[in-house]
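Take a look at the structure below.
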Amino acid sequence: MFVRRLSAIFAFVALFLHTPPINAADIIVPVSHEISGTQTQYQVGPHDTADSIAARFGEPELTMTLDNGDDTAEGSTVDIDSRHIVPPMGDGIVINIPQRMLFLIRNGHVVESFPATVGRPDWQTPLGSFYIEARTKNPTWHVPPSIRADMEDEGITVASEVGPGASNPLGKLWMGLDHGGIGIHSTNHPKSIFRFGSHGCIRLAPQSAQALFDSIEPSEPVEIIYAPVSVAALDNGEIYLESDSDPYELGHPDIEQVREAARNAGLENRIDWPAASQALVTVEGIARRIDLKWKIEEAVNHSSLLP
């Protein structure tokens, strides 16, 4: 969402003046050395749904494993896998559009990671280097005519200005970027997180927005990148690949581009390439292990469970 009164034309021009055209050849496969998230179990609460659990943990609904099929009944158990590859960027905020994840980097390591909602394919979040220009509590949303028209097309009536309170889609916190009214903000609808569903802004759950707001500095750098496929080589020897969707249709790297990235990083001979190919084409949106040792370790673990 935008918070300044920009016409649709000015918003469109501002976006493309800042973001140069990208084609498939420009999409690289970054090689990182860190992943966020974990594998755990979660007991479904009385108001939980599949999409609210996905929003909370940053795991696609299709990869969640429930102990009783597709039923998210209260008291049932969900196996959560929220592992994501952390982009190899400098300190500051990093947002990877295909991942729908925001990372806070300090001293070269991730200290916080949050599921996020980013711009729709027809209303894209701009890519590039920015910084936090403003931090505001209890913001007022000045609704641009372009967004009002879009919402009215969907049957939603909205005023030209929405003050602080429960009806404000910006929630209680606004972290504005130095670009065309785009910002990172909270929400009054937490179940709407972890989607491609905003008017260009980056939307966080209230508790995530509060944690970020309390952790960032004035003029905090922000990098918004587009990496549908990433590789991570951890210090313990494990290697992961994460394959996300290509929502803006800028290009999804193929296995040869993954091989080139692995070769350049000295990893090619340590990877189980059939496993890497499977992880690439299934596009699960979760970091999957692809090193040669993982099958051996899995077999050993399985044999230890046999009578």
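The values are calculated or read from the model by the stated rules, or taken from the named source; none is laboratory data. Note that the structure is a prediction, hence the values are computed from the model and not measured. With ideal geometry, Cβ positions are generated from the backbone for all residues, glycine too; neighbour counts draw on all protein chains shown.
Return the only residue of Ser167, Ser129, Ser76 being surrounded by fewer than 18 Cβ atoms within 10 Å (Cβ to Cβ), not β-branched (Val, Ile, Thr) and not assigned by TED's automatic domain parsing to the domain that holds Gly285. Outline the logic, then answer.
Working: Ser167 fails: not assigned by TED's automatic domain parsing to the domain that holds Gly285; Ser129 fails: not assigned by TED's automatic domain parsing to the domain that holds Gly285.
Answer to the check: Ser76.
Scanning the stretch 96-113 for residues that are of a type in the set (Lys, Arg) and either surrounded by fewer than 24 Cβ atoms within 10 Å (Cβ to Cβ) or assigned to a strand (DSSP E or B) (or both) returns a single hit, Arg106. Ala116 - would you say it is outside any loop (DSSP other than H, G, I, E, B) and loosely packed, with under 15 Cβ neighbours inside 10 Å? So Ala116 fails the test. The residue of the stretch 220-260 that is surrounded by the most Cβ atoms within 10 Å (Cβ to Cβ), among those that are small (Gly, Ala, Ser) and under 22 Å from the mean Cα position of the chain (by Cα), is Ser230.
Only a single criterion out of (1) assigned to a strand (DSSP E or B); (2) assigned by TED's automatic domain parsing to the domain that holds Arg263; (3) not small (Gly, Ala, Ser) is not satisfied by Val29, namely (1). For the condition free of Cβ contacts under 8 Å to residues at least 40 places away in the same chain and in the same structural domain as Ala227 (by TED's automatic domain parsing), Arg100 does not qualify. Being among the hydrophobic types (A, V, I, L, M, F, W, C), at pLDDT 95 or above and in the same structural domain as Ile286 (by TED's automatic domain parsing) is not true of Leu15.
Entry remark, the stretch 134-164: residues being more than 23 Å from Asp178 (Cβ to Cβ), hydrophobic (A, V, I, L, M, F, W, C) and touching a residue at least 40 places away in the same chain (Cβ under 8 Å) number 1 in total.
Determine if the stretch 94-109 includes at least one residue that is modelled with pLDDT of 90 or more and either among the hydroxyl-bearing types (Ser, Thr, Tyr) or touching a His at 6+ places or on another chain (Cβ under 8 Å) (or both).
Going residue by residue through the stretch 94-109, those that are modelled with pLDDT of 90 or more are 94-109.
From what's left, either among the hydroxyl-bearing types (Ser, Thr, Tyr) or touching a His at 6+ places or on another chain (Cβ under 8 Å) (or both): 99, 101.
Yes, the stretch 94-109 contains at least one residue that is modelled with pLDDT of 90 or more and either among the hydroxyl-bearing types (Ser, Thr, Tyr) or touching a His at 6+ places or on another chain (Cβ under 8 Å) (or both).
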